[in-house]
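Here is the structure we will look at, set down as structure tokens.
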Amino acid sequence: MLTMNEDQVNDIIQRWRDTQEEDVKPDDYQLFKNLASACLAEGDGEQLLQFVQDEKNQGIMKSMGHVLLAPLVNEAVKKKKNVNHCQAAITHLIKTCSPNHLLNSLLQVIEDIDPGAISETILALIPHLQTVLLRLDERKAASVGLVLSALQRQVSRLPVPYSQQQVEADELGLCCCCTALAAFTKPFIEEVKRKEGTTAEDEELKTEILKFCMRSLREPLLEAELNRDRKSPLWLFAVDIMVTLPAIKEPLSGLLFFSSQRKSTMMDSSQTNESKACLAYLLFVQLITIDSFPAVFSPVFVLQCNVEYINHLLSRKKESYLLKGLALFSKSLENIQDNSLPVSLLEQKSFYSVSQNLRQLLTDCPMQHLRESGLQIFRLFINKLDAEAKHKFFRCMLKTSSHAGVESYIVKNIRNQIEFSMKPGNANKWFLGTEFLPLLGLVLCLPQGAETDLLNSMDKIMESLNLLRYVLIRDKELRSNVDVWEELCRIKDEYLKMLRVCISISRSYYSSELKALKEDQKLKAKEARDAARSNRLVRSITIKHEKVSNMSPEVQHQVLQSALVTFDLMESLIVRIEEITEEKLTKLN
């Protein structure tokens with residue numbers, strides 16, 4: 001708190017009027033700022049404005065006025081009675097002070113933003129920042145880059161509204177900030193377009209605009225829900241970014257598919273996979289500026305390039321990332337001919353990773369709508385693979401999924417491929433010849449042997465038995481190769497033999513559990529009757545036989561009974577397979 005009287009203040013002001021700019025001391029800047037802050041704190045914004053605009057004080061304004069920006073902006077953001085006077089004072093200082101001094105002060109204001117007033121402060125600063133930058137004669141490009149980076153650093157602290165209701169409310173002002181940022185960059189984009197990189201300074205300005213666009217794609221656009229049917233502020237911001245890139249002579253195909261090492265180094269960490277993943281999503285899914293995208297790239301080439309971005313998105317846990325990754329994957333597959341993708345693609349690390357990430361989404365994601373979308377794309381991806389690629393993909397999934405639901409889906413697809421291969425003109429070694437046997441060996445397999453948990457593996461086992469029954473019924477093509485048929489029969493016999501052992505052990509275990517449960521319930525009923533006959537309160541009953549599950553006895557009974565029914569179903573399928581085998585042998589003989 002300042003304790004000077006009016007005469008002391010007037011003496012200091014007169015000394016400043018008589019002092020040249022180069023003779024101003026650091027203490028003078030701080031004192032000037034403190035005096036202004038005290039004036040504003042007392043509600044005397046009008047008096048401060050008069051002082052700032054007074055002709056006699058313009059020397060002081062030119063040399064020290066920039067230090068007043070912080071208290072004036074902070075006061076203006078509060079939107080109290082001083083707001084109009086503060087805004088007028090800021091406008092006067094922006095016109096009067098050195099642009100270099102102003103820029104440094106404004107950057108400090110951005111750095112020191114109150115976390116509770118980020119959007120209000122940015123919206124108050126942006127028009128003045130634009131004016132200051134346009135006044136600069138030297139190092140404009142670097143200054144534009146500093147300002148954009150500082151502003152985006154603060155905007156990234158704001159949560160991204162996701163639902164339409166949140167976007168419309170825009171409570172924390174992110175949408176308003178994005179709209180203001182787009183308007184802020186317009187004159188600099190026009191300058192880049194007008195000069196077309198004739199000097200090093202022009203090229204640097206172009207680079208700074210490119211960095212801004214790539215940062216914007218990563219934050220906030222990657223997390224935003226973007227829909228062309230709803231022209232939200234974030235959608236319009238995305239369109240602005242996508243239009244800007246070709247406007248500054250940065251072809252989208254070059255950014256996505258052919259980024260040079262020089263450009264990556266020049267852009268530091270701004271041009272990341274996340275930025276390009278969002279760029280690919282906006283281009284291929286939302287079709288923003290798709291008309292300007294070259295039509296010379298084949299669908300397979302586009303998929304190969306996009307799979308890196310798809311993989312990056314599917315490896316994340318955020319819903320917005322997963323949705324964009326699934327949508328981009330779907331669009332990248334759409335224009336590819338069925339049964340055409342070669343096995344060489346699956347040998348690429350990115351394709352292996354993306355299939356594993358998709359499998360993990362199917363098994364681990366808690367959101368049903370994402371799992372459903374993932375399953376549709378899983379099916380679409382399988383359809384696009386040729387026979388050899390399908391064979392390799394199925395083997396990979398059976399070896400790595402460790403999930404009965406995924407494995408049963410794969411087994412069902414194997415049966416579909418066998419059926420397809422049996423049609424005229426579709427025969428191949430991958431699903432009818434020698435190469436089919438290793439795949440069948442993975443299908444008819446109980447990894448834990450006799451200790452296999454049949455209930456957890458039920459989906460795959462039932463589907464595997466159905467596949468085996470189908471193969472035995474439609475055996476003509478497979479029997480034509482004696483070696484293949486003999487090996488198939490050997491695999492079948494070993495599988496059924498082990499499965500029978502598993503069923504026997506499991507049925508015995510679950511029957512004993514069911515019997516124990518019934519006896520336990522009888523014991524509890526008897527104890528309840530004994531307790532009712534006596535007039536004692538029994539605090540607790542200790543039963544030696546503890547249950548593994550915490551389910552109620554009624555639910556336990558249902559589960560155990562259901563398990564026994566499942567074993568009966570498996571047994572009946574095995575019996576039917578053996579009957580078919582006998583019938584076929586009888587006909588052959």
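The values are calculated or read from the model by the stated rules, or taken from the named source; none is laboratory data. Note that the structure is a prediction, hence the values are computed from the model and not measured. With ideal geometry, Cβ positions are generated from the backbone for all residues, glycine too; neighbour counts draw on all protein chains shown. Accessible surface areas use protein heavy atoms only, side chains included; no ligands, DNA or RNA. Shrake-Rupley method; radii C 1.70, N 1.55, O 1.52, S 1.80 Å.
Worth pointing out:
- Accessible area of the chain divided out per residue, in Å², using a probe of 1.4 angstrom: 51 Å²
- The range 407-484 and the range 16-87 have Cα centres spaced 83 Å apart.
- Dipole magnitude for the range 384-465: computed about the Cα centre from +1 point charges on Lys and Arg Cβ and -1 point charges on Asp and Glu Cβ, it is near 320 debye.
- Rough spin-label spacing in nm, given labels placed 7 Å along Cα→Cβ, for Gln360 and Lys78: 5.0 nm
- 25 °C / 0.890 mPa s Stokes-Einstein diffusion coefficient of the range 101-193, Kirkwood radius on C-alpha pairs, µm²/s: 177 µm²/s
- For the range 130-258, size of Cβ-based charge dipole, Lys and Arg +1, Asp and Glu -1, in debye: 60 debye
- Cα→Cβ-extended label distance, 7 Å offset, between His557 and Asn426, nm: 4.9 nm
- Under a 5 Å amide H cut-off, with hydrogens placed 1.01 Å from N, Leu341 pairs with Leu385, Asp386 among residues at least 5 apart or on other chains.
- Between the beta carbons of Leu380 and Asp475, assuming R0 = 41 Å, the FRET efficiency works out to 0.85 to the nearest 0.05.
- Rough spin-label spacing in nm, given labels placed 7 Å along Cα→Cβ, for Glu334 and Ser402: 3.7 nm
- Cys489-Tyr162 FRET efficiency (beta carbon distance; Förster radius 41 Å; 0.05 resolution): 0.10
- D_trans [Stokes-Einstein, Kirkwood Rh over alpha-carbon pairs] for the range 223-353, 25 °C, 0.890 mPa s, µm² s⁻¹: 157 µm²/s
- Within the range 377-424, none of the GluC sites (Glu not before Pro) combine a DSSP coil assignment with at most 12 other C-beta atoms in a 10 angstrom radius.
- Relative to the compact-globule estimate of 2.2 N^0.38 Å, the Cα radius of gyration of the range 13-101 comes out at 1.01.
- Taking the Cα centre of the chain as reference, the dipole from Cβ charges on Lys and Arg (+1) and Asp and Glu (-1) amounts to some 2480 debye.
- Sequence-distant contacts, meaning Cα pairs under 8 Å at least 6 residues apart, place the relative contact order of the range 1-141 at 21 percent.
- Paramagnetic reach from His369 in the range 198-227 [backbone N under 18 Å; point 7 Å along Cα→Cβ]: 222-227
- The range 416-483 shape via C-alpha gyration tensor axes, a/c threshold 1.5: prolate
- Gyration tensor verdict on the range 9-60 (Cα atoms; rounded if a/c is under 1.5, prolate if a/b is larger than b/c, oblate otherwise): oblate
- Which of Gly116, Val83, Cys97, positive extreme of dipole for the range 74-129 (C-beta unit charges): Val83
- D (Stokes-Einstein, µm²/s), Kirkwood Cα radius, the range 132-179, 1.567 mPa s at 4 °C: 104 µm²/s
- Annotation: extensible slack from Lys349 through Val565 equals 73.4 nm (criterion: 0.36 nm per residue apart, minus Cα-Cα distance).
- Accessible surface of Val406 - all protein chains present, 1.4 Å probe, nearest 10 Å²: 10 Å²
- Between the range 129-150 and the range 299-323, the alpha-carbon centres lie 35 Å apart.
- Backbone geometry of the range 366-380 corresponds, through the Karplus equation with coefficients 6.51, -1.76 and 1.60 at θ = phi - 60°, to 3J(HN,Hα) couplings of x, 9, 4, 5, 6, 5, 5, 5, x, 5, 4, 6, 4, 5, 4 Hz, x marking Gly and Pro.
- Computed on the range 323-434, the Cα convex hull volume stands at 105 Å³ per residue.
- Selection from Val192, Cys176, Leu217, by position along the positive dipole direction of the range 160-226 (Cβ): Val192
- Globularity index of the chain, i.e. its alpha-carbon radius of gyration over 2.2 N^0.38 Å: 1.47
- Each residue of the range 351-360 was assigned a 3J(HN,Hα) from its phi angle through the Karplus expression (A = 6.51, B = -1.76, C = 1.60, θ = phi - 60°), giving 6, 4, 5, 5, 5, 5, 5, 5, 4, 5 Hz with x at Gly and Pro.
- Shown is the FRET efficiency for Phe258 and Ala117, computed with R0 = 45 Å from the Cβ-Cβ distance and rounded to the nearest 0.05: 0.55.
- Residue-span extension gain [Leu236 to Ala41] - 0.36 nm each, minus C-alpha spacing: 66.2 nm
- Note on Glu419 and Ser512: the extension gain reaches 29.3 nm, defined as 0.36 nm multiplied by sequence separation minus the Cα-Cα distance.
- The chain - percent of accessible surface contributed by carbon and sulfur, probe 1.4 Å: 49 percent
- For the chain: relative contact order, % (alpha-carbon pairs under 8 angstrom, 6 or more apart): 7 percent
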